[in-house]
Amino acid sequence: MGMLKELIATLKAVGKPTELHETADGTRLLILPYGGRILGMFAPGSEENFLWTNSVLNNVESARAYYASDDWQNSGGDRTWLAPELDFFFPKFPHIDIAGYWQPRGLDPGHYQVAKTDHGLKLSNRLTIEGFRSRKKAELEITKSVAAAPNPLRHGNATLSGTVEYAGHTLLTSLKILDANPDNAPLVGLWSLTQMPHQGELLIPTYCRTEPRIYFGLVDAPPDELVVSDRLVRFKMRAAGEHKIGVRALATTGRIGYIYSTGREHALIVRNFSVNPSGEYADVPWTEPEDKGYSTQACSVNSRWGMFSEMEYHVPAIGAGTGQSYIEDRSELWAFRGTQEDIRMIARALLSPEI
């Protein structure tokens, strides 16, 4: 996961300086402008990251070699991509295979600029995106800024047995089409991906029973790897390889949770975000581009890309056919660390009584 001081020192040594932002409650956010990432989130007084960072950042030598390579550089933490994946990540479209997958470098790492604001930091990235399926291009601007997110349990009546560490932040993200006519641009939406240590359990509360769409993987996985009940989807992220699911906006509540073990303690991360089933969610399964409407996704990765779990969500798209050239998104990320009993209790309060 990476300890705070070591991450800062390593990244500085390899020419990838970070910014450390502290909110009013003492939460510290480690921001890496290279890639526009929130690389770490730390509770007051703690050096232990709630988020996953790439193990290459554990020492200067491996970090320097990694950033010198031509591969996509997944430092870790929380990043912002663009959807639909099928349009922007397959330059050889209509040939769709993993060998032809390519992360647009103007998007990630991009060229993020850092500006200080009254409330903290603002990151901005201008890029040209090419839609290989739509055959349209657009000039875009992505901005990201952070603010405090007070503990959602502070007014609750949850009776906890011990001390629970908390860290949280609000993320404000915007996407703007800079072209004069947004309908000349491809359909494009913000896509948020938060990476956490592997071997945990991801939880998606739902308003009704809904079978997740399996995007890939989960073929030979144990039967309890993916369990669906009337108000909850449970995804145990333990298997080797790469596995991904999606749940439609119609069924999702706007929260995703993830519980994992941290030695003798457990941690819970919850993303709280807006879902609008009337919106046009642009991301689709690679092989079925007409299968639309997915707001919430989860990906388990234990492969050459690393060993991490992702909670993902989408924002309704702008551009072609929507008449919109700008959208702003606001979400919160809450993280807790404590005994297994306390973490389960918090998960039941914030996500589902079925946990």
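Among the residues of the stretch 179-190, those identified as under 25 Å from the mean Cα position of the chain (by Cα) and in a loop (DSSP other than H, G, I, E, B) are A185, P186, L187. For the stretch 106-126, a residue qualifies if it is open to solvent by less than 60 Å² (accessible area, probe 1.4 Å) and of a type in the set (K, R), but none of them does. Candidates in the stretch 57-70 are the residues that are open to solvent by 10 Å² or more (accessible area, probe 1.4 Å) and aliphatic (A, V, I, L, M); of these, the one that is farthest from G131 (Cα to Cα) is V60. Identify the residue in the stretch 173-209 that is over 30 Å from M307 (Cα atoms) and small (G, A, S) and, among all such residues, is modelled with the highest pLDDT. Out of the qualifying residues, it is A185. Every residue in the stretch 335-355 that is among the hydrophobic types (A, V, I, L, M, F, W, C) and either part of a loop (DSSP other than H, G, I, E, B) or open to solvent by less than 20 Å² (accessible area, probe 1.4 Å) (or both), please. Scanning the stretch 335-355 gives A335, F336, I343, I346, A347, L350, L351, I355.
Inside the stretch 316-329, residues that are open to solvent by less than 10 Å² (accessible area, probe 1.4 Å) and in a loop (DSSP other than H, G, I, E, B) make up a count of 1. Considering only residues of the stretch 220-229 that are within 20 Å of R348 (Cβ to Cβ) and free of Cβ contacts under 8 Å to residues at least 60 places away in the same chain, which is least open to solvent (accessible area, probe 1.4 Å)? By that ranking, first place goes to V228. How do the pairs read when you match residues in the stretch 144-166 that are closer than 30 Å to K176 by Cα with residues anywhere that are open to solvent by 40 Å² or more (accessible area, probe 1.4 Å) and modelled with pLDDT under 80, using Cβ under 6 Å and keeping only pairs 6 or more apart or on different chains? Sorted first by the residue in the stretch 144-166, then by its partner, the pairs are A147/H119. Within the stretch 208-219, residues that are in contact (Cβ under 8 Å) with a residue 12 or more places away in the chain and of a type in the set (V, I, T) have Cβ atoms under 9 Å from residues that are in a loop (DSSP other than H, G, I, E, B) and open to solvent by less than 50 Å² (accessible area, probe 1.4 Å) in these pairs: T210/A251; I214/P285, counting only partners at least 6 apart in sequence or on another chain. Condition check: at pLDDT 95 or above, of a type in the set (A, V, I, L, M, F, W, C) and surrounded by 15 or more Cβ atoms within 10 Å (Cβ to Cβ). Does I31 satisfy that? Answer is yes for this residue. The criterion of being in contact (Cβ under 8 Å) with a residue 40 or more places away in the chain, more than 21 Å from L51 (Cβ to Cβ) and touching a strand residue (DSSP E or B) at 6+ places or on another chain (Cβ under 9 Å) holds for E328. Applying the condition of being more than 17 Å from the chain's Cα centre (by Cα) and open to solvent by less than 60 Å² (accessible area, probe 1.4 Å) to the stretch 240-252 and asking which residue is nearest to R344 (Cα to Cα) yields A251. Number of residues in the stretch 46-70 that are part of a loop (DSSP other than H, G, I, E, B) and touching an Asp or Glu at 6+ places or on another chain (Cβ under 8 Å): the value is 2.
Could you tell me whether the stretch 268-286 includes any residue that is over 25 Å from D329 (Cβ atoms) and not aromatic (F, W, Y)? The answer is no; no qualifying residue exists. A search for C-beta distances below 6 Å between a residue of the stretch 271-289 that is under 29 Å from N151 (Cβ atoms) and outside any loop (DSSP other than H, G, I, E, B) and any residue that is of a type outside the set (D, E, K, R) and open to solvent by less than 10 Å² (accessible area, probe 1.4 Å), counting only pairs 6+ apart in sequence or on different chains, returns R271/I256; R271/M311; R271/L333. Only residues that are assigned to a loop (DSSP other than H, G, I, E, B), surrounded by 20 or more Cβ atoms within 10 Å (Cβ to Cβ) and in contact with a Ser or Thr (Cβ under 8 Å, 6 or more places away or on another chain) were counted in the stretch 71-105, giving 2. Among the residues examined, N54 does not qualify as open to solvent by 40 Å² or more (accessible area, probe 1.4 Å) and either over 22 Å from P104 (Cβ atoms) or at pLDDT 95 or above (or both).
The values are calculated or read from the model by the stated rules, or taken from the named source; none is laboratory data. Since this is a predicted model, take the numbers as computed values, not measurements. All Cβ positions, even for glycine, are placed from backbone atoms using ideal geometry, and neighbour counts span all protein chains on display. The protein model used for the area step is the full one, side chains on, heavy atoms only, and it has no ligands, DNA or RNA in it. Shrake-Rupley method; radii C 1.70, N 1.55, O 1.52, S 1.80 Å.
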